[in-house]
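One structure below.
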Amino acid sequence: MIEVRNLKKSIRNGNRIVDILRGVDLVIPQGQFVAIMGASGSGKSTLLGLLAGLDSPSEGEVILDGVDISHLEEDRLAEVRGQKIGFVFQSYQLIPTLTALENVLLPHELNARGDGRNRASALLTSVGLAERVHHYPIQLSGGEQQRVALARAFVLDPPIVLADEPTGNLDSVNGQHVLDLLTVRQREARTTLVMVTHDPDIASRADRQIHLRDGLVVADEMTTHAEPTEVIG
């Protein structure tokens with residue numbers, strides 16, 4: 001589902017070149033949950049941004065579901081992102097002037113035909129927000145906002161979901177709830193999930209852990225983990 005070949009990313013800082021990624025090779029099959037770990041500056045967020053097509057590599061290739069996105073024109077790249085990728089951000093990234101339902105519907109309105117309202121409503125119900133569909137983000141707690149973001153990420157049934165520290169702004173109880181919801185939805189839909197995290201407890205829930213250091217993969221191992229035991233709707 002995701003293939004990365006000799007991926008490199010460098011930026012200019014004054015008179016010198018800084019190498020952020022120095023040659024990463026990965027293959028992630030359909031349905032796998034992968035945790036990307038590493039210290040600050042290791043390149044994990046840069047890698048996620050390249051997988052998302054939000055930045056272009058200096059060298060190498062990123063192939064998503066058979067499409068090489070490394071150097072696509074912006075219009076085609078936006079089309080691929082809309083069809084193949086769902087996003088979950090640490091800071092939720094909800095539009096404040098839209099209700100929860102409208103926020104979830106937005107990817108459908110931009111990238112699909114027909115009426116996605118029933119699908120969006122069902123997803124909000126599945127994350128325990130059936131009574132909050134007409135509330136605006138400011139009327140929701142942080143945990144509720146992140147659950148709206150989860151529903152939005154899955155509204156088009158994308159084959160890939162990318163998550164950047166999705167529990168980073170939440171307390172431990174809400175963080176655990178959001179993680180349970182995310183992993184249950186991922187397994188039900190057989191979505192390929194790539195999550196950046198610094199938390200080893202969260203990473204232990206993944207099928208696979210990839211550790212970066214100084215822009216290189218230094219460890220890549222399968223994980224023995226327990227299934228989530230309960231999800232409260």
Running Debye on region 40-178 with equal point scatterers at the Cα sites and no solvent, what base-10 log of I(q)/I(0) appears at q = 0.09, 0.10, 0.11, 0.13 Å⁻¹?
-> -0.29, -0.36, -0.43, -0.59
Quick one: if you stick a label point 7 Å off each Cα along the C-beta vector at R187 and T224, how many nm between them?
-> 1.7
Could you tell me how many degrees, from 0 to 90 and to the nearest 10, lie between the Cα long axis of helix 100-111 and the main elongation axis, the longest principal axis, of the Cα atoms of the chain?
-> 50
Spelling it out for V161: with amide H atoms placed in the peptide plane at 1.01 Å from N, the residues 5 or more places away or on another chain with amide H under 5 Å from its amide H are G86, T192, L193, V194
In sequence order, calculated HN-Hα J values of region 200-210 (Karplus, 6.51, -1.76, 1.60; Hz; x Gly/Pro) = x, 5, 5, 4, 5, 7, 6, 6, 8, 10, 10
Helix axis angle, 74-84 relative to the chain longest principal axis, alpha carbon, degrees = 60
FRET efficiency for E131 and L54 from the Cβ-Cβ distance with R0 = 30 Å, rounded to 0.05, comes out at 0.30
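Note the per residue figure in Å³ for the convex hull of the C-alpha positions in the chain. Working shown, then result.
Details: hull volume 30.5 nm³, N = 233.
Per residue, the Cα convex hull of the chain comes to 131 Å³.
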Expected vector for region 214-222, Karplus 3J(HN,Hα) from phi with 6.51, -1.76, 1.60 and θ = phi - 60°, integer Hz, x for Gly and Pro, equals 6, x, 10, 6, 10, 7, 8, 9, 6
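For N118 and S204 in the same chain, what is the full-extension length gain: residue separation times 0.36 nm, less their Cα-Cα distance, in nm?
Net length gain for the segment: 27.5 nm.
Of all alpha-carbon pairs in region 22-105, indicate the percentage at a distance above 21 angstrom. Before the final figure, lay out each step's value.
On the way: 1400 of 3486 pairs.
Distances greater than 21 Å cover 40 percent of the Cα pairs.
Read-outs throughout are calculated quantities, based only on the coordinates presented, and are distinct from any laboratory measurement. Note that the structure is a prediction, hence the values are computed from the model and not measured. Cβ: placed from backbone, ideal geometry, glycine included. Neighbour counts: every protein chain shown.
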